[in-house]
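Student: Below you will find the structure I want to go over with you.
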Amino acid sequence: MPAEHTALAVMRIDKWLWAARFYKTRSLATQAIEQGRVKLNGARTKPAREVKPGDRLEVQLGETGWTLTVRALSMQRGPAPVAQTLYEEDPASIARRQQRAQDRALTASPAAAIKGRPTKRDRRLIHRFTEE
């Protein structure tokens, strides 16, 4: 494990989210923070706000929500296994994410029934339906 984890006492929250691999770039992390998708200790925050080990974060990525506790800080964006050592996810958050993944797997996608362009017969039915 790199030595950068223990050398820091505090760091910017946008840098931490980038280093923990929640966002691909710092600018995307900054945008998410400004839009209120990231909360520090239950409150909205700003990108320059400092985060330290022990802080609680709520991160909303699309439909996926994460509730985390910061465990370590790192100035470098490392591989995923190293990034996962920077935080600990709440067990309730893990259960919610797994439940949502199961729900998505069980429901049929509306786009699955569409097989490309409509046939000549389908097009005629569409025109008959929309013109009348």
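The values are calculated or read from the model by the stated rules, or taken from the named source; none is laboratory data. As the structure is a computational prediction, the values presented were derived from the model and not from experiment. A quick note on method: Cβ atoms are made from the backbone with ideal geometry, for glycine too, and the neighbour counts reach across all protein chains shown.
Student: Filter region 29-57 down to the residues that are crowded, with 18+ Cβ neighbours inside 10 Å and not in a loop (DSSP other than H, G, I, E, B), then identify the one that is farthest from the chain's Cα centre (by Cα).
Tutor: Residue satisfying both the conditions and the ranking: V51.
Student: When you look at L61, is it surrounded by 12 or more Cβ atoms within 10 Å (Cβ to Cβ), in contact with a helix residue (DSSP H, G or I) (Cβ under 7 Å, 6 or more places away or on another chain) and not aromatic (F, W, Y), yes or no? Even if it seems obvious, please write down each step before you answer.
Tutor: Details: surrounded by 12 or more Cβ atoms within 10 Å (Cβ to Cβ): yes; in contact with a helix residue (DSSP H, G or I) (Cβ under 7 Å, 6 or more places away or on another chain): no; not aromatic (F, W, Y): yes.
Taking the combined requirement at face value, the residue does not satisfy it.
Student: Mind listing just one residue for me: the one in region 104-132 that is among the β-branched types (V, I, T) and farther than 20 Å from E63 by Cα and, of those, modelled with the lowest pLDDT?
Tutor: For region 104-132, the residue satisfying everything is I114.
Student: Which count do you get for residues in region 74-89 that are in contact (Cβ under 8 Å) with a residue 40 or more places away in the chain and either touching a Gly at 6+ places or on another chain (Cβ under 6 Å) or assigned to a strand (DSSP E or B) (or both)?
Tutor: 1
Student: Filter region 62-73 for residues that are assigned to a strand (DSSP E or B) and either small (G, A, S) or at pLDDT below 90 (or both) and give the result.
Tutor: T64, G65, listed by residue number.
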